[in-house]
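What follows is one structure encoded as structure tokens, with my remarks underneath.
The values are calculated or read from the model by the stated rules, or taken from the named source; none is laboratory data. What you see is a predicted model; the values in this text were computed from it and never measured. Every residue, glycine as well, gets a Cβ built from its backbone with ideal geometry; the counts of neighbours run over all protein chains shown. Quick note on the areas: whole protein, heavy atoms, side chains included, nothing else; ligands and nucleic acids left out. Shrake-Rupley method; radii C 1.70, N 1.55, O 1.52, S 1.80 Å.
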Amino acid sequence: MNEKVLKVLEFDKIRAMLAEKCYSVKAKKKALETEPFGEMVLIERAQSEVEEALGLIFSKGGLSFSGIKETGSAMKRAKSGGMLSPAELLKTVLLLENTERVKNYPEEGLGENSVLRDRFDCLTPLPEVVRAIRKCVIDEETISDNASDELFHIRKKKKKAADSIHTTLQELIRGKLRTYLMESVITMRDNRYCVPVKAEYKGNVAGMVHDISSTGSTLFIEPAAIVELNNNIRELEGQEKKEIDRILTELSALCGENAHLIESNEKLLVELDYIFGKAEFALELNATRPVFNTGEIIRLRAARHPLLDKKKAVPIDIHLGEEFDLLIVTGPNTGGKTVALKTVGLLQVMGLSGLFIPAGDRSQLSFFREIYADIGDEQSIEQSLSTFSSHMTNVVNILKNANIMSLCLFDELGAGTDPTEGAALAEAVLRFLHKRSIRTIATTHYAELKEYALTTNWVENACCEFDVESLRPTYRILVGVPGKSNAFAISEKLGLPAKVIEEAKGLMNEEDKRLEKLMANLEESRQAAEKERREILKEREDSRQLKERLREKEQKLEENREKLLQKAKDEAKEILSEAKSTADETIKQMQKLAGPEALRRAEKERDRIRENLKRTRNTQSLSANDPLGVTEYGNARAKGHKTLSEKDLSVGCSVKIISMNLKGTVKTLPDKKGFLTVQCGIIGNKVHISDLVLTEEKSAGSTSKLGHTKTISAELMLIGKNSDEARAELEAYLDDAYLSHLGQVRIVHGKGSGILRDAVHAYLKKCKYVDEYRLGEFGEGDAGVTIVKFK
């Protein structure tokens, strides 16, 4: 693809941002050379690599490639038998240690169809090479004493000789040489031990002069007594160097034997560094994977220019290629036309280069082999070309080379010359491209091009919305609406006299007036529709809030009733417990005073009290194995209540539980033993049919609803429903879930066109008891679900 076009679209800045996400020098270079792929299979593979890397980052955390060092020249020399330096060996060991760390990073995180598996599997850590180098090399200048036994013994002898020299010199300094020295110190000259002697005492100190101070007052003399010891050290240093060279040669040979694996590791790590850099870049931009097609169709949802602050940038929706192949964008200056044009071009280039794009989920791009762009002022002083001539040069080149597999972008086509001729030229250029079905987006101020779009099939208008009241653009792109210049409205707002404006309107020809009136009518219709939509939404919200207030009030009444009932049960239990205690105490006293017959009557009374206490406890905890009212409340039937049969009951009918004095709704029909479930508020009670009587009340919808919340699911499926159906079901479901004290629920709305998701989010945004909500992450369903947390 033309490098000039990539620069016009500011793709060079995207490359630089991508390079910052890479660690190694080679990966950064690769990022700066990123360009669109020429085959669809390569694009899809690159996109899959980024997607998989992003999934690993979410599940495993970020992956650092900071230890990747270039070893190419060192391995080349090692293969030819050359000796590597300690610094080169350390670079090699760092590379291999990072190889092992990166290889272990995914663990079991790679799926069966992983596109990164081959790269991870082909990494070869070579632990034996790492151990050998780490044993011998401490830093870039130091070889370990333990690198070999020979080196250890040489350095031991060298240290012993140095200790002997220090001992001898210390004796000389403290003894016969003390009066001849400038300072009582031991120093080194020419890698030999010396002492600083005053010049006037030169003849008094036997030895070799190695250096003289700059003033000539001090001579650095190696005393004769240590010459032999110094010679011994020099000999040992030679042996040390020879042994170190042998060790380095041996380690270099080991690297040379594995050079092909080390070079392969470096190449794979650079590729993974580049891929994970693209994933980190996508994470920073909050970017998504685009869906590619071969039908020259672009459909961007909530697209943002990646170089703008994502918190301030206004997302745009724009499409091309399905209903029209030519889009003409109009609107005021600084209204966002050029930014929208660049956004389309830049996101298309990013997608073709294997990068995710900052746009909504399921945004579509097409496989264009070439993108042509004439954007900005390219006046050339060197070629003596005016702005118009420069633009026309670009247009000539575009018309010469563009084809059905091209995307053409024009900013202010035909500008810079006589408006009449410029408009005619612009229309002719667009007609030329339109006849060849070449996908084109052009920005303009020419009214003639707006009219051309209104009267031509497969050509569409779009505009950058402008708020006349605030005199500011909204930066929204409205496809299907021709833009107005708003010159008269803006001038009037700024205080231009009305007479001047009226005279200006009178100078317009009839055709321009007709077109301006048509666009004004379209804009009024759009604004009216938008106003009506907002009013409908407000009415819906008011209705929802009213329902919510009524539901809250009903819930409070139900809670108060339950509290009163519980309080009554607790008091009854306390009274019966106290009565039992009194009876027990009475029996103890009677055992002392009364005969057997009195004791039997007292025992019978205590048994009666105990049964009442047991009945109260059972009322509070209704279990299936111990239902109420089978025998204990038979006396209630004697008061005129009719014994019910299965034919008398139906699901939803209202009944009263005699033993509990509670009203409820039949939830299930009696089983073979006569037991059924009756819903009372939020509690389902299993009772016997003999403990029920029918009531005149109709079953309350709220009772059924509250009962349902006991077993509410943590997930709601809305796929296949329209927005209104989904909203109604969502509202009821969230009420139930909140009443059931669920902390978090999962709303499944699918991805699709995003209409259902937007409707769900619009409701959640205004729901008072929703604390927060977000789209699902990787492994939760992605953008196809929304996770909701309650307050």
Pairs only if they're at least six apart or on different chains, beta carbon under 6 angstrom, first in region 735-762 and among the β-branched types (Val, Ile, Thr), second modelled with pLDDT under 85; list them, first residue then second.
745/714; 745/737
Of these, 342, 311, 278, which one is farther than 17 Å from residue 477 by Cα, under 28 Å from the mean Cα position of the chain (by Cα) and open to solvent by 30 Å² or more (accessible area, probe 1.4 Å)?
311
Among residues of region 751-791 being touching a Gly at 6+ places or on another chain (Cβ under 9 Å) and assigned to a strand (DSSP E or B), the residue farthest from residue 719 (Cα to Cα) is 790
For region 148-195 the number of residues that are under 15 Å from residue 224 (Cα atoms) and either polar (S, T, N, Q) or open to solvent by less than 30 Å² (accessible area, probe 1.4 Å) (or both) is 12
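Looking at this structure, is residue 534 out of contact with any strand residue (DSSP E or B) (no Cβ under 6 Å at 6 or more places or on another chain), open to solvent by less than 50 Å² (accessible area, probe 1.4 Å), modelled with pLDDT of 75 or more and within 22 Å of residue 724 (Cβ to Cβ)? Full working, then the answer.
Details: out of contact with any strand residue (DSSP E or B) (no Cβ under 6 Å at 6 or more places or on another chain): yes; open to solvent by less than 50 Å² (accessible area, probe 1.4 Å): no; modelled with pLDDT of 75 or more: yes; within 22 Å of residue 724 (Cβ to Cβ): yes.
In short, no.
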Could you tell me whether any residue of region 397-404 is among the small types (Gly, Ala, Ser) and either under 23 Å from residue 317 (Cβ atoms) or at pLDDT 85 or above (or both)?
yes
Tally, over region 396-424, of residues that are surrounded by 20 or more Cβ atoms within 10 Å (Cβ to Cβ) and part of a helix (DSSP H, G or I):
3
Residue in region 159-177 that is farthest from the chain's Cα centre (by Cα), counting only those that are at pLDDT below 90 and basic (Lys, Arg):
176
Reported set for region 750-769 where residues are out of contact with any His (no Cβ under 7 Å at 6 or more places or on another chain) and open to solvent by less than 10 Å² (accessible area, probe 1.4 Å) is 754, 763, 764, 767
What is the residue count in region 1-46 for residues that are under 22 Å from residue 71 (Cα atoms) and small (Gly, Ala, Ser)?
4
Among the strands (runs of 3 or more DSSP E) lying completely within region 427-482, list those that include at least 2 residues that are among the β-branched types (Val, Ile, Thr) and modelled with pLDDT under 90.
472-479
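Could we say that residue 730 is part of a helix (DSSP H, G or I), over 30 Å from residue 55 (Cβ atoms) and of a type in the set (A, V, I, L, M, F, W, C) here?
No: the conditions fail for residue 730.
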Run residue 259 past the list (1) in contact (Cβ under 8 Å) with a residue 40 or more places away in the chain; (2) within 30 Å of the chain's Cα centre (by Cα) and report the number of the one that doesn't hold.
(2)
If I go through region 66-104 residue by residue, how many of them are over 21 Å from residue 246 (Cβ atoms) and aliphatic (A, V, I, L, M)?
5
Can you confirm whether region 205-221 contains a residue that is of a type in the set (Val, Ile, Thr) and farther than 26 Å from residue 162 by Cα?
yes
Pick from region 425-446, criterion aliphatic (A, V, I, L, M) and open to solvent by less than 10 Å² (accessible area, probe 1.4 Å), ranking: farthest from residue 325 (Cα to Cα):
426
If you go through 669, 676, the only one that is in contact with a strand residue (DSSP E or B) (Cβ under 9 Å, 6 or more places away or on another chain), surrounded by fewer than 15 Cβ atoms within 10 Å (Cβ to Cβ) and either at pLDDT 85 or above or closer than 30 Å to residue 766 by Cα (or both) is 669
Being within 16 Å of residue 275 (Cβ to Cβ), open to solvent by 60 Å² or more (accessible area, probe 1.4 Å) and touching a residue at least 24 places away in the same chain (Cβ under 8 Å) is the filter here; which residues of region 22-34 pass it?
23, 26, 30
Some residue of region 319-326 being closer than 17 Å to residue 476 by Cβ and open to solvent by 10 Å² or more (accessible area, probe 1.4 Å):
yes
Please indicate, with yes or no, whether at least one residue in region 242-261 is open to solvent by 40 Å² or more (accessible area, probe 1.4 Å) and within 30 Å of residue 194 (Cα to Cα).
yes
